[in-house]
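Chemist: Take this structure, written in structure tokens, and hold onto it; I'll ask about it next.
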Amino acid sequence: KPSDGRGSSCDTTDDDLDEAEMLDRFMSSRALKMDSKGYFMLKLEGKRIVCSFYSCITNEKGEVCDLEGKKIKCCDGQVREPMKTWRGRTAKELTTQVFEQWEDVTKLDLSLGHAAYIGREAQRAEHCLYS
């Protein structure tokens, strides 16, 4: 039976799943470089996937800072205003808005790896919405 992209049309075993999970953990442990002009945050709100882009800079030490040069800490409880926010019902709708319809995306010097990561996270969010 052909796959509709939302499920699997092949038979997988518990060993296959264990191997995939191990590979995912290994791939998630690799070093990543932050894009110099900003970062994206994805979350679910109601029945929508929400993606927000936040501008930032990198200081001489390689630390991520807001546009005033203040270091951004991971879990400091500070509320930052996004530069742009999108909402979509599916990963495809959301990533089309961000990467194909947003004129400023070309100004970001966004790495292909970062774009791929955002696509994976959007797909993961879609899975959560409809599971």
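Chemist: If you take the residues in the range 15-41 that are part of a helix (DSSP H, G or I) and among the small types (Gly, Ala, Ser), which one is least open to solvent (accessible area, probe 1.4 Å)?
Modeler: Among those residues, the one meeting the criterion is Ala20.
Chemist: Can you tell me how many residues within the range 102-131 are free of Cβ contacts under 8 Å to residues at least 24 places away in the same chain, open to solvent by less than 40 Å² (accessible area, probe 1.4 Å) and touching a strand residue (DSSP E or B) at 6+ places or on another chain (Cβ under 8 Å)?
Modeler: 1
Chemist: Can you find a residue that is touching a Lys or Arg at 6+ places or on another chain (Cβ under 6 Å) and without any contact (Cβ under 8 Å) to a residue 24 or more places away in the chain anywhere in the range 77-86? Break it down into steps so the answer makes sense when it comes.
Modeler: Within the range 77-86, the first condition is being touching a Lys or Arg at 6+ places or on another chain (Cβ under 6 Å), and the residues that meet it are none.
No, the conditions are met nowhere in the range 77-86.
Chemist: For the range 42-60, how many residues meet the condition of being open to solvent by 100 Å² or more (accessible area, probe 1.4 Å) and either under 16 Å from Ala115 (Cβ atoms) or touching a Lys or Arg at 6+ places or on another chain (Cβ under 9 Å) (or both)? Show your work before the answer.
Modeler: The initial filter retains those residues of the range 42-60 that are open to solvent by 100 Å² or more (accessible area, probe 1.4 Å), namely 43, 47, 60.
Now restrict to residues that are either under 16 Å from Ala115 (Cβ atoms) or touching a Lys or Arg at 6+ places or on another chain (Cβ under 9 Å) (or both): 47.
Of the residues in the range 42-60, 1 are open to solvent by 100 Å² or more (accessible area, probe 1.4 Å) and either under 16 Å from Ala115 (Cβ atoms) or touching a Lys or Arg at 6+ places or on another chain (Cβ under 9 Å) (or both).
Chemist: So, one more: So, of the residues in the range 61-100 that are among the basic types (Lys, Arg) and in a loop (DSSP other than H, G, I, E, B), which turns out to be most open to solvent (accessible area, probe 1.4 Å)?
Modeler: Initial filter on the range 61-100 (among the basic types (Lys, Arg)): 61, 70-71, 73, 80, 84, 87, 89, 92.
After this cut, where a residue has to be in a loop (DSSP other than H, G, I, E, B) as well, the list is 61, 70, 73, 80, 89.
Working: Lys61: 154, Lys70: 127, Lys73: 121, Arg80: 71, Arg89: 116 Å².
Per the criteria, the residue is Lys61.
Chemist: I need a count of the residues in the range 42-52 that are touching a helix residue (DSSP H, G or I) at 6+ places or on another chain (Cβ under 9 Å) and either part of a loop (DSSP other than H, G, I, E, B) or free of Cβ contacts under 8 Å to residues at least 40 places away in the same chain (or both).
Modeler: The number of residues fulfilling the criteria is 2.
Chemist: Considering only residues of the range 58-83 that are within 19 Å of Asp104 (Cα to Cα) and either out of contact with any Ser or Thr (no Cβ under 7 Å at 6 or more places or on another chain) or acidic (Asp, Glu) (or both), which is modelled with the lowest pLDDT?
Modeler: Per the stated criteria, the residue is Asp66.
The values are calculated or read from the model by the stated rules, or taken from the named source; none is laboratory data. Since we're looking at a predicted model, the values are computed, not measured. Here the Cβ is made from the backbone with ideal geometry for all residues, glycine too, and neighbour counts use every protein chain on show. The area values use the complete protein model at the heavy-atom level, side chains included, leaving out ligands, DNA and RNA. Shrake-Rupley method; radii C 1.70, N 1.55, O 1.52, S 1.80 Å.
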